[in-house]
């Protein structure tokens, strides 16, 4: 067991899978970073965030393919490659860019299996960066996973730590459906214990990070770390929280959430997406339908406000749900009568 | 290069099959038996056939909403394809795709596509098998004059050119993007010239002449297999019918339609050429005509008499079985 960053865990997962299966390749913008050019002699940059560092040196230009800035072509080529038997990992540098290529994702890749009568699989992983918190502003900071999860045929994964990032990425690459793998940019440098060997974290299986009896808190992506920082304060206030990281949103481990709510009677969801039709509101809706009689208080979702992500640091800080808001909401639920 | 008699017969069979099939579908649509919109390929038969006679089963094509001709030219199973257009359980796509989304992966037909221009990047993706796996294959995208204005098509051409992928961009200029004429919708008016701007050789030819298409296809396929990258082939051939069946075609004159049928019938042109040159007997082709008519009639009858999908199938095959 070694300590690795979230970034290193992602790179390691790709290297292991590319060694295991010659059909796996990576395609995207600047993923080697100039080495795509035949006459380039410098060091491969491995993408602006270093998320593909070392891949070019290990596997070369045939399987680490630099592209023009051309997201529709990247996603469409990845979809077509997957449909014809390869296993592409396509990088959508920032998830915000889905707006220029979504047709290839939701009208094409997501529908191939259904509309072609299960003739073939579409084993495609779209790795993409989500999230606010590092000052990237309105067009590089969004978390559109609720939109992705709305699409039948897509699977959506939101790792919150290095261990899960590696295991979930390996599972995603081996999966035979298109998976949108949401890497949170604020977590790239996060440290954690990551085994050197290959292992899978199954899609659709959540994890209970801490057991508790008063309130179930489901946290997505970056919000997992924020709520973990609240545990001591909550305990000081006499609140025993059960903390759940769903790890993937589609498929979603609804049974884990129902079981927890049946025990605690209270549900708080922490979700970084926009509030209207957010994934969090879907979770509370399912809980209301399935385990209504267990509830001792109304369900609650904390998201950012319904506005784009601002650039100013003070506004961005105010945008994300913080510890104070989470602790306050938990108290309200505990004290609800 | 002189084609063998077998290849000429093969080419004629593909073209004629499309003609007979589409005329039959037109009748069926008029009778109200087809449960979805259809877009007929008549007038453009030489394009799909001229390209596909140069491809193997391992080679791939990515098609359009006007895809029946591409399917047949790529030798998709006639009966299961017909069943799909009638949305039947035993259709190629189990009835869930219908006319605008037919695929037959077993012969490299990667799907008709109801999103105009979206098939071009998909064809490029299939061609990546040459780069990643070293496979000997060619991938063709059929792109209408309307689709030629889509960003997806430009991005696909640029990526194929940059990565030197074995792709044929086959532009089917049939004169109209839905109801809008190519003289109105195409800036600069030169589709092949645009492709050249991406650094690939391009051809501009009469799409009602099988031999013109086939010759260009043979060169482009050879270049692609060598690893020398993509080519573009712009084929001009007006469609004989509306954008979809039921389109009243207010945007063109009866005289135009009569002229196309008289002067630009790909079947008539082909027959005349091969018969005049004494390459194939007229009676051989007549026999093919009769045989195809009975094949198509049987396929349609079989399709109409086969069951629709079970309602239990509504939510199957969204994901791999057991994975969701």
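Entry for segment B:194-263 at q = 0.19, 0.23, 0.28 Å⁻¹: log10 I(q)/I(0) = -0.82, -0.96, -1.19, Debye formula applied to identical alpha-carbon scatterers, no solvent contribution. Counting Cβ atoms of other protein chains within 10 Å of each Cβ in B:312-321 and taking the mean gives 5. Within the protein assembly as shown, DSSP assigns beta bridges of which about 20% are antiparallel (rounded to the nearest 5). With distances taken between every two different alpha-carbon atoms, the protein assembly as shown has a Kirkwood hydrodynamic radius of 26.7 Å. The value of relative contact order for segment B:1-128, using C-alpha pairs under 8 Å at least six residues apart, is 24 percent.
Modelled spin labels at residue B:297 and residue B:4, positioned 7 Å past Cα toward Cβ, are 3.3 nm from each other. Expressed in units of 2.2 N^0.38 Å, where N is the residue count, the Cα radius of gyration of segment B:176-324 is 1.47.
So how far, in whole Å, is the C-alpha centre of segment A:242-257 from the one of segment A:81-104? First find each Cα centre; the distance between them is then 25 Å. Under the shape rule built on the C-alpha gyration tensor, where the axes satisfy a ≥ b ≥ c, segment B:20-71 is prolate, since a/c reaches at least 1.5 and a/b is greater than b/c.
On the beta carbon distance between residue A:240 and residue A:19, with R0 = 30 Å, the FRET formula returns roughly 0.10. The separation of segment B:281-306 from segment B:228-274, counted between C-alpha centres, amounts to 23 Å.
Could the peptides B:93-100, A:2-9 be put in order, highest first, of the mean number of other beta-carbon atoms found within 10 Å of their residues?
B:93-100, A:2-9
Relative to the dominant Cα principal axis of chain A, helix A:6-20 is inclined by about 50°. Separation of segment A:53-79 from segment A:168-219 is 24 Å, based on Cα centroids. Entry note, segment B:5-300: relative contact order of 22 percent, from Cα contacts under 8 Å with a spacing of 6+ residues.
Over all directions, the projected convex hull of the C-alpha atoms in chain B averages 17.3 nm² in area.
Label positions at residue A:193 and residue B:305, each projected 7 Å from the Cα along the C-beta direction, are separated by 6.9 nm. Working ranking of peptides B:113-124, A:262-273 by packing, defined as the average number of other Cβ atoms within 10 Å per residue, highest first, is B:113-124, A:262-273. Across peptide B:93-101, the mean count of Cβ atoms from other chains lying within 10 Å of each residue's own Cβ comes to 4.
Counting, for every residue in B:127-137, the Cβ atoms of other protein chains within 10 Å of its Cβ and taking the mean gives 5.
Tell me the angle of helix A:162-174 to the major Cα principal axis of chain A, expressed in degrees between 0 and 90 and rounded to the nearest ten. Helix A:162-174 and the main axis of chain A meet at about 60 degrees. Rg and Dmax of segment B:1-92, both derived from C-alpha coordinates alone, stand at 13.7, 46 Å. Under the simplified labelling scheme, the residue B:89-residue B:244 pair shows an inter-label distance of 2.8 nm, with each label point 7 Å from Cα along Cα→Cβ. Angle of helix A:279-290 to the longest C-alpha principal axis of chain A, folded into 0 to 90 degrees and rounded to 10: 50°. Give me log10 I(q)/I(0) at q = 0.09, 0.14, 0.16 Å⁻¹ for chain A, Debye formula, one equal scatterer per alpha-carbon, no solvent. Those come out to -0.47, -1.10, -1.37, one per q. Of all beta bridges that DSSP places with both ends in segment B:5-300, some 10 percent have antiparallel geometry.
Read-outs: derived from the displayed coordinates by stated rules, not from any lab. Just so we're clear, the structure is a prediction, and the values are computed from it rather than from any experiment. Counting neighbours? That spans all protein chains shown, and the Cβs are built from the backbone with ideal geometry, glycine included.
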